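Computed from the coordinates by the stated procedures, all read-outs in this text should not be read as laboratory data. What you see is a predicted model; the values in this text were computed from it and never measured. In this analysis, Cβ positions are derived from the backbone assuming ideal geometry, glycine residues included, and neighbour counts consider all displayed protein chains.
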Amino acid sequence: MNAWPLRVAILVMLGLLASGCAQQAVRGDGGRDATGELGSPTSGSSPADVYIELSKAYLIEDQLTEAYTNAKKAVIVDPRSSNASLMLAVVNQRLGQTAEAEESYRKSVSLDPHNPIALTAYGAFLCEQKRYADADASFRRALNNPLFNTPWVALHNAGSCEEIAGDMAGAEKDYRAALRLNPRFAPSLLGMAKASFRDQNYLSARAYLQRYAEVAPHTAESLWLGVQTENQLGDRDQMSSYGLKLRAKFPDSEEAKYLKTIE
């Protein structure tokens with residue numbers, strides 16, 4: 001796949017959602033939300049939080065019926081929770097219920113127009129629907145919130161969507177921006193490794209792959225990219241090392257089959 005899988009993007013957003021729920025309980029003077037106008041209107045603990053966590057856990061395990069049931073409960077117990085509507089949107093998206101997913105995404109954003117997690121997840125959804133301009137606008141709205149704790153995620157999503165849309169220069173720009181904020185963000189390191197290889201800058205591709213391997217386990221995609229990179233650089237030993245790992249860890253992958261084309 002040429003860009004960060006959107007399902008992975010959504011799972012990352014769900015991980016942030018957990019920390020986001022906890023952060024909403026932080027208060028400033030007089031009990032007022034410390035984020036002021038940029039905070040969520042549902043700041044503080046919500047009765048929906050427990051159902052959001054249950055739904056997320058079931059979704060990660062692909063138990064979609066239970067995930068949907070708990071997401072619906074979250075919305076019922078707190079219809080003003082932006083995160084509850086977001087959770088329902090993500091589950092509906094996984095179920096392939098596109099219209100229902102978009103309705104819930106829109107609801108989530110309308111309840112909290114500054115919710116960067118909802119805006120980033122909505123952008124990934126729009127990108128999946130090939131609505132690239134709308135997706136980019138949603139990512140940029142998320143980035144406009146100076147209190148967004150992990151803006152590199154939105155930047156990477158923007159870059160991934162640009163790559164899918166064929167805007168390679170834009171993708172590279174956003175991957176670089178993400179890495180300036182978080183130099184150890186694995187998806188952007190892999191994105192830059194692929195961009196460097198595509199630009200025939202093979203030494204740069206090697207360096208980004210080495211940095212990637214320091215922070216994340218190799219995937220079939222990254223190992224195959226390593227094989228191709230070392231093939232171009234003429235390092236047969238490193239090429240063989242990547243190839244052996246690819247066969248051992250991902251023997252049934254498409255990338256493992258590609259090895260025959262360069263041996």
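Worth pointing out:
- In sequence order, calculated HN-Hα J values of segment 131-140 (Karplus, 6.51, -1.76, 1.60; Hz; x Gly/Pro): 9, 5, 5, 5, 4, 4, 4, 5, 4, 5
- For LYS260, LYS194, LYS173, LYS73, order by how many other beta-carbon atoms lie within 10 Å, fewest first: LYS260, LYS173, LYS73, LYS194
- Couplings for segment 205-215, taken from phi via the Karplus curve 6.51 cos²θ - 1.76 cosθ + 1.60 with θ = phi - 60°, read 4, 4, 5, 5, 5, 5, 5, 4, 5, 6, 10 Hz in order; Gly and Pro are left as x.
- Sequence-separation-based contact order of segment 159-263, relative, with Cα cut under 8 Å and 6+ spacing, percent: 17
- Cα-based shape type of segment 206-263, given that a ≥ b ≥ c are square roots of the gyration tensor eigenvalues and the cut on a/c is 1.5: oblate
- Placing unit charges on the Cβ atoms of the charged side chains and taking the dipole of segment 43-146 about its Cα centre, the candidate lying farthest along the positive direction among ALA135, ILE117, LEU54 is ALA135.
- Filter on LYS194/LYS249; LYS72/LYS173; LYS130/LYS249 - keep pairs with C-alpha separation over 28 Å: LYS72/LYS173; LYS130/LYS249
- Among MET192, MET239, MET87, a tally of other beta-carbon atoms within 10 Å of each Cβ gives an order, fewest to most, of MET239, MET192, MET87.
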